[in-house]
Amino acid sequence: MLFLVFPHVWILQPMARAIPVTLALDAGITGISVARAGAHGQAWAGWVLVGGLSLFLALLLGIWISRVIAQSAQRAELIAELARTREQLESLGRGAGAAAERERMAAEIHDTLAQGFAGVLILLAAVEPLLVCDPPEAGRLLDQARSTVQQNLAEARALVAVQTLGSPSARRPVAGARRSRPPLPRRRTRRRP
């Protein structure tokens, strides 16, 4: 019966309280057993030996239980710390990934706009000499410049939409927009009469 009581004492009490409670329980049970043995004319020395052995085993078991409980608490603390550290690392990883994605998008938008502006500048440079000698061709090149600006604007908007929506399907029009640009005009050389 005592081996059922002692573990509960050690689980429910800190070690400083569990030792005196164990001593008191063992001394009380041993005292009752010795008193009963003396009343019936039996040898009480055997009961004292059993009580001492019971006390030794109860203290040994109790100290072991206390250490297991302390180790479990320490492991629970380490696991909680590990979970917090893992959450921090995931948060840092998400932040670094988001920053890298923003940099990539900024570079892609910059490249797209720079390429578009360069194309428009070339078209406008080609229009200038044609204004006097070939107005229909100049009008065609101005239309082409206007179309290029509209396509670049649409492509920039699509890139921003990809960033905000994050859908892979939003990237398809961007790739297609690059391929559907009109070719740049060939420089016409003036023939000398």
All-pairs Cα distance distribution in region 13-80, expressed in whole percent, bin size 10 Å | 20, 36, 22, 13, 7, 2, 0
HN-Hα couplings for region 68-77 via Karplus (6.51, -1.76, 1.60; θ = phi - 60°), in whole Hz with x for Gly/Pro, come out as 4, 5, 5, 5, 5, 5, 5, 5, 4, 5
Residue-ordered couplings for region 101-118, obtained by feeding phi - 60° into the Karplus form 6.51 cos²θ - 1.76 cosθ + 1.60 and rounding to whole Hz (Gly and Pro as x), are 5, 4, 4, 4, 5, 4, 5, 5, 5, 4, 4, 4, 5, 4, 5, x, 5, 4
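Laboratory data are not the source of any read-out in this text; all were calculated from the coordinates shown. Every value quoted in this text rests on a predicted model; they were computed, and no experiment measured them.
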